[in-house]
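The values are calculated or read from the model by the stated rules, or taken from the named source; none is laboratory data. Predicted model only: the values in this text are computed from it and were never measured. Every residue, glycine among them, receives a Cβ derived from its backbone with ideal geometry; neighbour counts consider all protein chains shown.
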Amino acid sequence: MTSMDPSGGFGAPGPVSDDGFESTPQRLRRTLRTRPAEGPARRFLAQAADMFRGDDYPQSLAEAAAGVQQPVTTGRRIAVVGFRGGAGRTTAAALLARTYASLRADAAAAVDLAEAGTLALRLAAPAAPPLDDIAARLGRTIPGSLAEVRGYVASPGPENLLATGRRSPAAAQTATDDDVLHLSRVLSRYCPVTVFDCPPGLGPEAVRWALAESHLALFVTPASVAGLDDAARAAELWRGNPALAQVPLLVLLTRTAARSALRPAAEARRLHRAGVETAVLDYDAHLAAGVEIQPRLLSRAARLQAAELSARVLSAASAAPGMPARRAASRQAESGTGRRARV
């Protein structure tokens, strides 16, 4: 649906054809990014049904929004991870970032740590500067204001949303992992909430340092047989690895198709009984389109789930211990085992 533009940004429509007409990627992107999840008939039926029954949706949405707006004393970082691609990891990261930026007055940052990432596209900033280029330009300096930080990153609507482009394939030539780590800390200094969209797996170096720096790991997996097995394996890893155990884990079950054999809500309850904190993100046609996320085009159910998920994630991240306490716990674990636990 998308292609590489001449400037190297991912997600921009293909070039206009010689005759001046739209290319197929341009036409598809323009169509999909303005298509609501619910058609006029479905919206009319829902409004008609609300006339004859008590509708607690506005109150539920307001309560979830209040949770998103809770005060944050120090920058909180959220690592969105998963074992496999196609589970909805980038969708969840973009949805969190958009929700925080839309409902909070302060800034939120979204950082794409994957070389093939599409986070910037989902945030309507396909031409955002590559993460490594930003880190190389910033070096080890610390900008003096949020306005100065905006000079390095993209700031799509809303204005308090800061986003980076995906990692450059030539990252080793432009910036080191330490430079990228420094950039993430600078963003967290000015943004109460920073979301890391991590590449698949837990082995890549970027995933390891993102988890080490984060106050919550959101593990995204589909509500399928393989996805539920991934959730169980992740929970086992978190229980058995002292380094991972310091980062609170929340599993997000996604429904990536309109019809599925398993019900995410029922599977989430089963995982919860097994001691795994779990949330759900149901199928939404607008989210499934894979283009810019526009909150106003989400279904009512998806808007509520997005707000509730964002509030729950922020609450768990806010309650997590800060870096000094975690480093002390890490040193204690190292002294007990005689070696550093690897993530």
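Filtered by the rule that a residue be β-branched (Val, Ile, Thr) and not in a loop (DSSP other than H, G, I, E, B), region 272-288 gives THR278, VAL280.
With respect to (1) more than 30 Å from PRO156 (Cα to Cα); (2) polar (S, T, N, Q); (3) in contact with a helix residue (DSSP H, G or I) (Cβ under 8 Å, 6 or more places away or on another chain); (4) modelled with pLDDT under 95, the lone exception for THR278 is condition (4).
Among ALA46, ALA66, which is over 19 Å from LEU250 (Cα atoms) and modelled with pLDDT of 95 or more? Unique residue meeting the criteria: ALA66.
Are any of the residues in region 241-256 assigned to a strand (DSSP E or B), under 16 Å from the mean Cα position of the chain (by Cα), among the polar types (S, T, N, Q) and crowded, with 19+ Cβ neighbours inside 10 Å? Spell out how you get there, then give the answer.
Of all residues in region 241-256, those assigned to a strand (DSSP E or B) come to 249-254.
Cutting the leftovers down to under 16 Å from the mean Cα position of the chain (by Cα) gives us 249-254.
Among the residues that remain, those that are also among the polar types (S, T, N, Q) are: 254.
Next, from what is left, pick out any that are crowded, with 19+ Cβ neighbours inside 10 Å: 254.
Yes, region 241-256 contains a residue that is assigned to a strand (DSSP E or B), under 16 Å from the mean Cα position of the chain (by Cα), among the polar types (S, T, N, Q) and crowded, with 19+ Cβ neighbours inside 10 Å.
Results for (1) aliphatic (A, V, I, L, M); (2) out of contact with any strand residue (DSSP E or B) (no Cβ under 6 Å at 6 or more places or on another chain); (3) in contact (Cβ under 8 Å) with a residue 40 or more places away in the chain, shown as yes or no for each residue.
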position: ASP55; (1), (2), (3): no, yes, no
position: GLY67; (1), (2), (3): no, yes, yes
position: PRO71; (1), (2), (3): no, yes, no
position: PHE83; (1), (2), (3): no, yes, yes
position: THR91; (1), (2), (3): no, yes, yes
position: THR99; (1), (2), (3): no, yes, yes
position: ALA108; (1), (2), (3): yes, no, yes
position: ALA114; (1), (2), (3): yes, yes, yes
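Residue check: is LEU237 part of a helix (DSSP H, G or I) and farther than 21 Å from GLY85 by Cβ? In short, no.
Scanning region 126-168 for residues that are charged (D, E, K, R), buried (at least 24 other Cβ atoms within 10 Å of the Cβ) and closer than 22 Å to VAL291 by Cβ returns ARG166, ARG167.
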